[in-house]
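One structure, as structure tokens, below. Some questions next.
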Amino acid sequence: MTCSSCGADLAADALFCEACGAKVGSGQAPTALTVPVGATDEDSPISTPTAVRAPVEVSAPQARTCAECGGTVGADGYCESCGLKAASERDHFREAPTAWVGGVCDRGIVHTRNEDAMALWADDAAPRRAVLVVCDGVSSSKDSDVASLAGARAAREVLRPAMPQGMGTAESADAAATKVLTSAAAAANTAVVAHTDPASESPASCTFVALTIDGNLLRHANIGDSRAYWFADGGAGVQLTVDDSMAQMLMAGGTARAEAEAAPQAHAITKWLGRDSPDIVPVVGSLVVDGPGWAMACSDGLWNYASEPSAIRAQMDAAGTTDPGALALALVEFAKAAGGHDNITVALARVEP
Amino acid sequence: MADFTAAVYQNEFLADGGTDVQAIVSVTCANAGKAGQGGSGDAGEIIIIDTSGSMGVETMEGAKAAAIAALNEIVDGTWFSVISGNGAAFLAYPNVRSGPGMVRMDDRTRGEGARAINALSAAGGTVISTWLDLAGTLFASVPEVTQRHVLLLTDGENNEPASVLDAAIRRATNYYQADCRGAGTDWKVSEIRRIAQALLGTVDIIPEPAQMEAQFQEIMRASMSRGVSDAQLRVWAPQGAQVVFVRQVLPTVEDLTARRTAVNDLTGAYPTGAWSDETRDYHVSVRLPAKALGQEQLAARVQIAIGDDVKAQGLVKAKWSSDDNLTARIDSQVAHYTGQTELAAVIQEGLAAKSAGNEELATTKLGRAVQLAAETGNDEATAKLRKVVDVQDAEAGTVRLKKAVEKADEMALDTASTKTTRVRK
């Protein structure tokens, strides 16, 4: 038997591929992903996104080098020399679709699996456009790692075409964009449900945050507590999204952020994607920026250690790099050094309108 | 072709700063076939019968009948010979003075072998080193034989310095395997156990001549069922790690640690001899440099190999965690076999103390043995211990030494001390 994802040999009773970490026999290898069509497309009153639903390409596995000692990683996924477990493709992956967009999705320290997911896309033609999608799988449910990645990629494909302009007015364009962002969340939900074992008593579920950059226009949509931020150069930064969480409910009731985020159940989310979700309509918003800065989508694995935008800003400044991938990695390393109690995802786009 | 599988039992979680990983690797062989028929060479059997003067008429007749019964179990085509051993070693069969010292088994040679055995008579002393050396010479005279097994019967103490016997054992080690049996109660368990352990075989007592035939049949049947002529246990440990010990723990406790030969910088090979369709468990302990919380690494790759061909592999892992619930657990297999290993040691130490006249130490050690045998469900050890001590409280390990003990019962406890049982389900 061989892994349908990377081709490595598998033990007869293997549940996961030792080489790449893909689930065995599920037909859910990353290469097999296709993007479901959003069910709400046909009744669109304005325009329908014309997504090109290309299959998602996954880089072929190659002889890997141990990150610790430089030795060769064996077929069993461990270094032949120092024995360190090589991070699987799923445990730590990076995307850099262009020079100004990059992200890192990492298992963190404490969790044994990476249930965070990330899907990025960018187009260099003016006006420069990019899509950042982050989904944070809920670890108490089964297969959340597979489902969250499928969900993030499905949403990215919906958001890849240019946003429809509607009737040409700002209100009409916003309505059309809301429609697209909502169908992106729906497509993510459909993918999550499709990757859930129908018999599962704890169906896979995840958060959702999408951030689109179109020249100087940022649009965002979220379900749960994954966030979008904007950090104008020289400014303190601003959180664009509002969490669907117990902490947020407390804050809305007047509790201070620090106190609310330390409360019991603070991290319980009140909305999510998945088979048992009662509400998959995201809260959307937009921002027109008037100068250069960083647009960021991230999971709570980062903001747990730097919730205030200024605290993240301080870490960005401390990183001392202007490369989006390197900056994202520095923020992930910061969260790991702070404890890494959750999976960590940071996706960044350098906006220079 | 034989199929091997390996399963690993361990608690892979280590506390912050933890360094020692313990695992039980259970190796199972299936479809082993018959000795000498695996295509990698022929099988050879040598039966060594003690013909020293101490062998009484009854014992000698029992030994002859047993040796003939063993001949009848040897599969046709297998090379064999018979050695008569006393103060020196004599080739009893085949009757040759030069050339190959073994013949292939068929109806004619089986009959001739039996007649040669019947003609043996007892006289002289016991110098076992000469017996072992002659067996080595005979095997070497037939290069086709690659699976070499000896069945050795003795009845008395060896009349030579221990260093001379040890040197002969060393010459035989990694060349042939030997199952050893002691007739009666005048032989020394520790002496014969040294031979059997080094030569990857078993040791046991045959108290009555009438029991010999059945035992010899069983030994030879087992040997003929070993279709895998030679396999190695290989243990890879990472750079900077130390393999603390490698022990076989099922079916018997055998410490293999000192028998390592290097395969490469990080991998050692340990001899396991020939295999039939069977399961053997190995206890491996590796000491690693501690890594940060959340890190995972491989502590050992434990493999079974025939030549350079790795047939099965088990992965022993280490994960550092701050969760005490995970790190505090001891794997039940590891705990069980740790107990069984201690059981073997305290039985041997207790009997040694008893024979040295140190009753207090003997009582403590054998008490602990009773306790461990009960805890780990080793009923055979419990039964044998009860013939040597009166048990007052098995759970607490309080015992009294019996006033009158049959020597054979004490020796049976000693020879069986290394036999282990599996974890009770």
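Could you tell me the center-to-center distance, by alpha carbons, between the range B:43-109 and the range A:68-133 in angstrom?
Here the answer is 68 Å between Cα centres.
To continue, here is another question. From the square roots a ≥ b ≥ c of the eigenvalues of the alpha-carbon gyration tensor of the range B:99-149, which class results: rounded (a/c under 1.5), prolate (a/b over b/c), or oblate?
Oblate shape, in that a/c is at least 1.5 and b/c is the bigger or equal ratio.
With a cut-off of 8 Å between alpha carbons and a minimum separation of six or more residues, what is the relative contact order of the range B:178-327 in percent?
21
Let me ask another. When the helix-only estimate is applied to chain B (DSSP H runs of n ≥ 4, each -39,500 (n - 2.57), divided by the residue count), what is the mean residue ellipticity at 222 nm, nearest 500 deg cm²/dmol?
It lands at -10000 deg cm²/dmol.
Normalised by the number of residues in the range A:89-351, what is the relative contact order in percent for Cα pairs under 8 Å and 6+ residues apart?
Here the relative contact order equals 25 percent.
In whole percent, what relative contact order does the range B:333-415 give with Cα contacts below 8 Å and a gap of six or more residues?
Relative contact order comes out at 27 percent.
Write out the trypsin sites (Lys or Arg not before Pro) in the range B:131-223 meeting two conditions: DSSP loop, and at most 16 other Cβ atoms within 10 Å of their Cβ.
In loop regions of the range B:131-223 (DSSP not H, G, I, E or B), the sparsely surrounded trypsin sites (Lys or Arg not before Pro) are B:Lys188.
Restricting things to alpha carbons, tell me how big the protein assembly as shown is in terms of Rg and Dmax, in Å.
Values for the protein assembly as shown (Cα only, Rg and Dmax): 36.0, 118 Å.
At a 10 Å Cβ-Cβ cut-off, how would you order A:Cys298, A:Cys206, fewest neighbours first?
The order, fewest Cβ neighbours first, is A:Cys298, A:Cys206.
On to the next question. Just to confirm a number: summing +1 for Lys and Arg and -1 for Asp and Glu over residues other than B:Asn72 whose beta-carbon lies under 15 angstrom from that of B:Asn72, what do you get?
-3
Just the Kirkwood number for the range B:1-104, please: inverse of mean 1/r across all distinct Cα pairs, in Å, one decimal.
For the range B:1-104, inverting the mean 1/r across all distinct Cα pairs yields 18.2 Å.
Treating cross-link reach as a plain straight distance, find the lysines whose alpha-carbon is under 25 Å from the alpha-carbon of B:Lys354, omitting any fewer than eight places away in the same chain.
Straight-line reach from B:Lys354, under 25 Å: B:Lys188, B:Lys365, B:Lys384, B:Lys387, B:Lys402, B:Lys403, B:Lys407, B:Lys419.
Count charges around B:Ala116 for me, please; just the other residues with Cβ under 13 Å from its Cβ, Lys/Arg as +1, Asp/Glu as -1.
Once positives and negatives cancel, what remains is +3.
Sticking with this one: With only alpha-carbon pairs counted, each pair once and no self-pairs, how large is the Kirkwood hydrodynamic radius of the range A:220-353 in angstroms?
15.5
First check a/c for the range A:89-351, with a ≥ b ≥ c the square roots of the eigenvalues of its C-alpha gyration tensor; if it is under 1.5, answer rounded, and if not, answer prolate when a/b is larger than b/c or oblate otherwise.
rounded
Using unit Cβ charges (K, R positive; D, E negative) and no other charged atoms, how large, in debye to the nearest 20, is the dipole of the protein assembly as shown about its Cα centre?
1180
I would also like to ask the following. In µm²/s, what is D for the range B:42-224 at 4 °C and 1.567 mPa s, where D = kT/(6 pi eta Rh) by Stokes-Einstein and Rh is the Kirkwood radius from Cα pairs?
Using the Kirkwood radius from Cα pairs, D works out to 82 µm²/s.
What net charge is computed for the residues neighbouring B:Arg247, neighbours being all others with C-beta under 10 Å from the C-beta of B:Arg247, Lys and Arg scored +1, Asp and Glu -1?
Net charge in that neighbourhood comes out at -3.
For the range B:183-233 and the range A:308-326, compute the distance between their C-alpha centroids and round to whole Å.
72
Next question, about the same structure. Below 27 Å, Cα to Cα, which lysines can A:Lys142 reach? Residues fewer than 8 away in the same chain don't count.
The qualifying lysines are A:Lys23, A:Lys85, A:Lys271, A:Lys336, B:Lys317, B:Lys319.
Same structure, new question: Counting Lys and Arg as +1 and Asp and Glu as -1, each charge on the Cβ, what is the dipole of chain B about the Cα centre in debye, to the nearest 20?
Its charge dipole is roughly 460 debye.
Something else now. Between the range B:263-284 and the range A:154-225, what is the C-alpha centre distance in whole Å?
56
If you don't mind, another one. Let me know the mean shielding of B:237-244 by other chains, meaning the per-residue number of their Cβ atoms within 10 Å of its Cβ.
3
Each reported figure results from applying straightforward, stated rules to the coordinates on display, with no laboratory input. Just so it is clear, the structure is predicted and the values come from calculations on it, not from any experiment. With ideal geometry, Cβ positions are generated from the backbone for all residues, glycine too; neighbour counts draw on all protein chains shown.
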